[in-house]
Structure formats: structure tokens, C-alpha cells
There are 4 protein chains.
Amino acid sequence: MSHAAATSSEPATPSVPFRVRERVRWEDVDLAGIMRYSAFPRFHDVAEAELFRAAGITALTVLERLGLWLPRRVLHIEYHVPALFDAELEARLWIAAIGGTSLTLNGELWSADGATRHASWYLVLVCVDAKSGAKRPVPDELAGALAPFRWSIEGSAIAEP
Amino acid sequence: MSHAAATSSEPATPSVPFRVRERVRWEDVDLAGIMRYSAFPRFHDVAEAELFRAAGITALTVLERLGLWLPRRVLHIEYHVPALFDAELEARLWIAAIGGTSLTLNGELWSADGATRHASWYLVLVCVDAKSGAKRPVPDELAGALAPFRWSIEGSAIAEP
Amino acid sequence: MSHAAATSSEPATPSVPFRVRERVRWEDVDLAGIMRYSAFPRFHDVAEAELFRAAGITALTVLERLGLWLPRRVLHIEYHVPALFDAELEARLWIAAIGGTSLTLNGELWSADGATRHASWYLVLVCVDAKSGAKRPVPDELAGALAPFRWSIEGSAIAEP
Amino acid sequence: MSHAAATSSEPATPSVPFRVRERVRWEDVDLAGIMRYSAFPRFHDVAEAELFRAAGITALTVLERLGLWLPRRVLHIEYHVPALFDAELEARLWIAAIGGTSLTLNGELWSADGATRHASWYLVLVCVDAKSGAKRPVPDELAGALAPFRWSIEGSAIAEP
């Protein structure tokens, strides 16, 4: 999560997205010998949990202290190259947008050696009140904690939400 | 769940166990082309939910009205014959024992045509207080609802191959 | 694409999409008490397997006789309303497009009573050679078998709420 | 338990079993807020894959070079203490027995701090011919590679198979 230079108090855009390693396990693979399409969310979930942990947030602290849930609204996955059993993969995840009541996460799944991009995806979460289910603005505390994990695949300045 | 004759007010032991049909789905199968060992609990869960529904019970009514959870204490599965993708299976499930604070469920997974027994298992559940987690006696209401689903593999006229 | 009456030997567009019932099971539900976003592909898989069976096709016959695999290229899911544990749902699935080397399936997940639409999705499959992995045209046999399951959400007399 | 130095060419019994860390993920947790009973095999699978990797074996090398599969014959899990979402756990796994045509793995799932034992289990695998499915003796190559991972929870001398 390092960056070349931060010349202001604004969070600097990192030069690389958040990354975690995870292997393709037996239950992820189908009889075609490749990771089944429905196993990819597992890799997102690992990356999301670790990104939130790095940001000082867990699902339960969000729930309990802020009184919020973050249900998912849209999932979009593009599968580029099959991943094989036991392969070590690197999930890259970043905050692509923080909207009024939503968060957009972008991810990519790469081989651990960085040579092959297996998949790309985005996931839109919405902030809702844990009791009523009504939409809620993304709290400043949450937006602030996630700000260091904003990134743009082009590496350019991030467009404000 | 009918029975030939009930000559007293005791629930009669049924002549066959509770049965549900379920297919081996894509996510159940591994790269060896057979149902992976970790997919079998899914078949138990289908059978258990339907047995409890037939008994007029759901996990949530148990939780909410009786103030109980039924966490699992022991799972034991024996795998006899591999099951293949898309095969239609029949899960047979019965109440093998109702103890002071526990329930023992027994199950078998058969091919839908009754020719092949793929697996046998038992699962021990314990009654605990939903808030404290302390063990609780099996309530009469629960024991009574489940009584018609008691069965004994030895006590049946069914000849198992 | 669709029409009210079929005056030729072309397969008529059905007036409703293919439908299967499936319940939200214990393993589908998360600690928020709703079906987790990553459980929805399981419902697609049930619907796809049954649609293919109704069309006289199974994954293995496609593989073995036609020498093809149908890996997934894109999955897009929109989550509208949370589904709860034990709810009986109806997955509706149809062939939205048959391209040169791809198939697009569209689906919706409804409550069994038809009152609530929980989710909508599309899934793009590509035809590839089972050995080389190279793209292959959708075989006439496959396209023909799937033709009766083409449907258009706009072209139907069904009023969607 | 075992010994600090091996005074012969026999593989020394390790003083601790093989260990891997893994977190309770979102999809592992049920609506009771605890890891569901059917998620535990996932932890075994992570530990088994890593133990086999440490032994220089992968499922595919076993299959391809030795012409074997290792299907599971018996799974027995005892659940002691519930594990919560996001908890870091330590799976401990060891070879408890190498029989004529079978392997018995024993495992325990602990909190990462070693304070709580969440579960214990054993899993019996059998060696079968990958083509015919007939039982095969455990090859010396496999038994030798796994020997350093034999362990006994009692700390006694390991009984030879």
C-alpha cells in the first residue's frame, strides 16, 4: 500500500491495488478440470475481507457500530482464462467508486506470477440500515477508511464520485 | 409417511424412512468426475429441511418460538459408491434417537432407482438455548413432532441389498 | 423473434420461460439472514441443468458426442430483493441469444408465488473444442435443441410487475 | 511427545503436527452467526493440499504418475466449540495410519492463538486405480513421502501399519 509521494493531506492514490494470494482448492474445480464460474466470488470474498481488515473495518463492526449492512446490488464477472486446480492466484481489489449510498469494488484475478489475468469483475454494494433495510448515505467514517484503497486501472487520477 | 395399522395412540413406526429426491449438480462434482465428499452434507440439509417441514417445524420456528438452536455435534459419513454428475439421488432420513438434550439423525443416499447405496451417515444435533448456548432438554413439542419420523434400519421389513 | 401463433414448422416461441422450483437452503444463507450473493449461481445451475435436460441435452452429452465444452464468459447478476431461508423460489431461464460461437442465457429468480422478483441475470457461454479449447461454432444440433427455449422478456404477453 | 533428534535414518516423528492458517469466510457462516457444520471440510481440504504439497505430492501427480485416485471412504467430525465469522483458525493435520490400501488423516481445528479447539476429525482415504476403480496398495513412494507427517496425538510411539 505504498505510494511514491503524498504532497498533501489527501490520501494518495496507491501505485498498485490491494492484493491477496489464494489457491484454487478442490471444491473450486469442476469435472472439466477448471475453476467453476461460481467459485470466483469466493476469491472476491477473501480479498474484500482482507481489504476491509487492512482498512480497519470488519463486516461486524460496520453492522454493529454504524448500524449498517452492505448487501450486494450488482455482480459482473468476465472470465478470461481458465484457472487450474492448486494454482496460486492473486486477487487484486480496489475501491472504484464511492457514491451517495453505494460502493463499487473492482477486482481482477491473476496468476501469482502476474503473467495471466484469469478474470475481472465489479461488485456494487449498497449501504442500508441494518434494521429497516432503507438506503443510507455512506458514512464519512467508512468512506475515509476505504479512501486509501481507491485505485484506477489506468493509474490516472481518480474521478471523484 | 403412512403406515399399515396403528392400534394405539403411540405413533407407529413408519415402514419406510422419509425420502427426498435431489440431483447431483455441477458444483457437487470434482475433477475426478464424481461427487466430492464435501458435497454430501448438502443432501442431508435438503432432507433435513424437508423432514422438518413435513413435521411442521422449521429452523426458524424452533429458534424463535422455542428459543433453541440445534447445532451439530457429530457428523459421520461412510462413502460406499461414487455418485456421478446429474444423477438423481434419493436421500432417506430418519430420527434414530431422541436423547435428553440431543437428536440423532440417520441417513442414506441411494440412486433414485433404489439399486445403489452411495453413502450412509449419522448426525448428532444438540438442543441449546439460543441466547446462552447452554444445553436444553429436547422439548416435548419437538420430540412429538419428530416421533412419526423415527425409524430403525433393523426394525423394518425393507430388505436392504 | 416471438410471435403469437406459429404458422410454419419453426419452433414457436413459448409464452412463458422455462421454470424450476428450488428452495433457499441452509448453506445459501449468511449471517445477515438472507441468501448470500454467491449462492445465486446455484439456482442458475439447477435451472440450466433442467432446461438442458428438457432440451434433451446434458453437459456430458455435449462434451462426449459433440466434443465441446461450454465454459462461461460473462456473468452479470442484479440483486433486487433479499431472499430468506427456506423460501421456495422459482428460477426462470431462457435462451436470449444464440451467436456464432456463444449462447446467452437470461434468468430471473422469483418467489414461488410470483409476487417478488429477487434477482435477474445473464450468463454468456462460449462453445470451445473440448481438447484444444479453441472456439467452435454453436452446432446446429445444439442450436436446434435449444430453440424452443428462446424467449424475450419484451415479446411476451406476460405482464411483469 | 516425540523426540528432538533422530538417531537413525528413519524419518523422525515431528514434535508437532502439520499446521496451516485459514480464516472463517463469509460463505462459511450461517444465519446463527457461526461456521456451519458443512464448511469444516473446506478447512480439511486446505490443510490436506498444503500437507501434500509439503510432502512433494499433489492430487494431480498422484493421479497422473502413479495412476491412482484417493477417494474418501469415511469422514468423522466432532464439533466442540462454534467458530465465528472472520476468526483466524489453525488446522492441524497428520497421518494417523497408513494401511494396506488406505490412509487415515486426523485433524483438529484450533483458534489461531491455540486457546480453543473448535473441532476434531478423521478422514479415511483409499487408494484406487484411476481407471478401474479397484483398490491398490499404497505405493511406497506415497507412503515414504507422507511418513514425515505421521504423528500421534497421545505422543506415543506410532504403531506401524
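Every number in this text was worked out from the coordinates using simple rules, so none of it is lab data. All of these numbers come straight from a predicted model, not from anything done at the bench. Here the Cβ is made from the backbone with ideal geometry for all residues, glycine too, and neighbour counts use every protein chain on show.
Take every residue in peptide A:20-28, count the Cβ atoms of other chains within 10 Å of its Cβ, and give the average of those counts.
On the way: counts 0, 0, 1, 4, 1, 5, 14, 10, 4.
Taking the mean over all residues of the peptide, I get 4.
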Expected integer from the mean partner chain Cβ neighbour count at 10 Å over D:64-77 is 4
For chain C, what does the alpha-carbon gyration tensor say about shape, rounded, prolate or oblate, given a ≥ b ≥ c as the root eigenvalues, a/c under 1.5 as rounded, and a/b over b/c as prolate? oblate
Charge tally in the Cβ shell below 11 Å around D:Asp129, where Lys, Arg are +1 and Asp, Glu are -1, D:Asp129 excluded: +3
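Looking only at other chains, what is the average number of their beta-carbon atoms within 10 angstrom of each beta-carbon in B:41-50?
Per residue, the number of nearby Cβ atoms from other chains is 4 on average.
Which chymotrypsin sites (Phe, Trp or Tyr not before Pro) in the stretch C:52-81 pass both tests, a DSSP loop state and at most 16 other beta-carbon atoms within 10 Å? Mind dumping the intermediate values first?
Details: sites: C:Phe52, C:Trp69, C:Tyr79; in loops: none.
Hits after loop and neighbour filter: nothing returned.
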Quick one: which residues, 5 or more positions from A:Ala130 or on another chain, have an amide H under 5 Å from its amide H? H modelled 1.01 Å from N in the peptide plane, none for Pro or chain starts. A:Leu68, A:Trp69
Can you give me the P(r) profile for the protein assembly as shown? Cα pairs, bins 10 angstrom wide beginning at 0, each as a whole percent. 3, 14, 23, 26, 20, 10, 3, 0, 0
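May I ask you to derive the relative contact order of the stretch A:15-149, considering only C-alpha pairs under 8 Å and at least 6 residues apart, and to give it as an integer percent? Intermediate results must be reported in sequence, preceding the final value.
Details: 256 pairs, mean separation 38.3, N = 135.
Averaging sequence separation for qualifying contacts and normalising by length gives 28 percent for the stretch A:15-149.
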Helix C:40-54 sits off the longest principal axis of the Cα atoms of chain C, rounded to the nearest 10 on a 0 to 90 degree scale, by 40 degrees
Using a 10 Å cut-off on Cβ atoms, rank the peptides B:95-106, A:100-111 from the highest mean neighbour count down. A:100-111, B:95-106
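Order these peptides, B:117-127, B:36-46, by their mean beta-carbon neighbour count within 10 angstrom, highest first. Before the final figure, lay out each step's value.
Details: B:117-127: 20.1, B:36-46: 22.2.
Descending mean neighbour count gives B:36-46, B:117-127.
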